[in-house]
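One structure is given here, and the rest of the page talks about it.
The values are calculated or read from the model by the stated rules, or taken from the named source; none is laboratory data. Bear in mind that the values here come from a model prediction, so they are computed numbers and not experimental data. All Cβ positions, even for glycine, are placed from backbone atoms using ideal geometry, and neighbour counts span all protein chains on display. Each accessible area value is taken on the protein alone, full model and side chains, heavy atoms only, with ligands, DNA and RNA left out. Shrake-Rupley method; radii C 1.70, N 1.55, O 1.52, S 1.80 Å.
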Amino acid sequence: SIRRTLSPANLHRSYQNGAGFSSPSHKFLPNGNSKHSSSRHLPLLFTAVNLVYRKGWRRSLCCCLFFFLIGFVFGITLFGNMDTDVRAKDFAFPELKPPHVDLRLDDQIVNSVSLGIHTRLQEPKEVDDSIGPPLKQLIVVTPTYNRGFQAYFLNRLGQVLRLVKPPLVWIVVEEKVASFETAEILRRTGVMYRHVVCTRSPSEPKDRGVHQRNAALEHIERHKVDGIVFFADDDNVYTVELFESLRTIRRFGTWPVAMLAPSRNKAILEGPVCNGSQVIGWHTNEKSKRLRRFHVDMSGFAFNSSILWDPKRWGRPYSNPIRQLDTVKEGFQETTFIEQVVEDESQMEGILPGCSRIMNWHLHLDTSNLIYPKGWLLEKNLEITLAIK
């Protein structure tokens, strides 16, 4: 510290209150002779009071500074040094970690739950059809005409098709005109259908189905309907499994069909003999094996519809329309048609391994001379009769 020489003028100076006061410079020295040497800050405060009375007009300002200094000094003296070292970690939130969970599936399986009722915890899950490749569309062609069992046949076939998974389109062909009764049956089945009319009049009744199937083939070819074509006559009996199996066909598929013998007292088979999915022979008899190339029933085969409107895809050397011929004898329509689609058995696929299951039956029911029993006829309205009773 630096000591200053005291001025004589200030040494013997008297103050207004009559009290002698030592030089203020001594109050800041560490070894001063002041009466209040025990306090280092009190001389400064009294000096400020002296200045207030000396300056007069600055008295108000000095009062404010005086009380400010008092608060500042006592604040430091009482509370000591402040820790200003504030770190970010002091305000950081605690790290929250989820508890450890053991994900072993063996410990999470619930074997039984008692709910007061009988429940099955492990039931087979339903297969989601949206997963995997889309199913092939089935194109079912059915010729029909007005006869005694027509409504029964169409309703029976329609109910079977209703159980088949979509996509499926049912092409029903009538001759001359689309009847209202047939259209009403088709609407009630709930199956997506197309009602086609064959305008060509057959010269013989046996050619009726030939022209109707050709009308359906022309419709498929013109509109390029993609799918598996299957000729399903309305008087045959089919299983749902057969229609689901048709979706496995790539080009041409065939399977055996059970039918009644002419004596109608036993059933015979007509169709392929298979080794796995390979066709190696045919179920036939001595009479027909020399005349027919392929021994298949009309409802015993199906093929890819693109063969009709995209022959280059299948390597067909000619592009003539594939149709059934009305110039051949009855019973040879199937083999002459198949010869236009495939060359031999190597291009065929046996449906189901070994072709060992019968999935449809051809009954050959003749309903042309069908006469209803007399008791079935009602002379009066049925509702009125029931109301009277």
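Among the residues of segment 265-273, are any over 40 Å from the mean Cα position of the chain (by Cα), of a type in the set (Asp, Glu), assigned to a loop (DSSP other than H, G, I, E, B) and closer than 21 Å to Ala232 by Cβ?
No; the residues of segment 265-273 include none that is over 40 Å from the mean Cα position of the chain (by Cα), of a type in the set (Asp, Glu), assigned to a loop (DSSP other than H, G, I, E, B) and closer than 21 Å to Ala232 by Cβ.
Here are Glu334, Glu330: which of them is among the charged types (D, E, K, R) and in a loop (DSSP other than H, G, I, E, B)? Full working, then the answer.
Details: Glu334 fails: in a loop (DSSP other than H, G, I, E, B).
Answer to the selection: Glu330.
Within segment 337-359, can you find the residues that are in a loop (DSSP other than H, G, I, E, B) and either open to solvent by less than 40 Å² (accessible area, probe 1.4 Å) or modelled with pLDDT of 95 or more (or both)? Before you say what the answer is, go through the steps one by one.
Within segment 337-359, the subset in a loop (DSSP other than H, G, I, E, B) is 342-344, 348, 351-352, 356-359.
Within segment 337-359, Val342, Met348, Ile351, Met359 meet the criteria.
Please indicate, with yes or no, whether at least one residue in segment 151-168 is of a type outside the set (S, T, N, Q), farther than 24 Å from Trp314 by Cα, modelled with pLDDT of 95 or more and touching a Lys or Arg at 6+ places or on another chain (Cβ under 7 Å).
no
Would you confirm, using the coordinates I've provided, whether Gln212 is among the polar types (S, T, N, Q), at pLDDT 95 or above and crowded, with 18+ Cβ neighbours inside 10 Å?
Working: among the polar types (S, T, N, Q): yes; at pLDDT 95 or above: yes; crowded, with 18+ Cβ neighbours inside 10 Å: yes.
Here the answer is yes, as Gln212 does meet what is asked.
How many residues, within segment 215-253, are open to solvent by 20 Å² or more (accessible area, probe 1.4 Å), more than 21 Å from Gln150 (Cβ to Cβ) and of a type in the set (A, V, I, L, M, F, W, C)?
1
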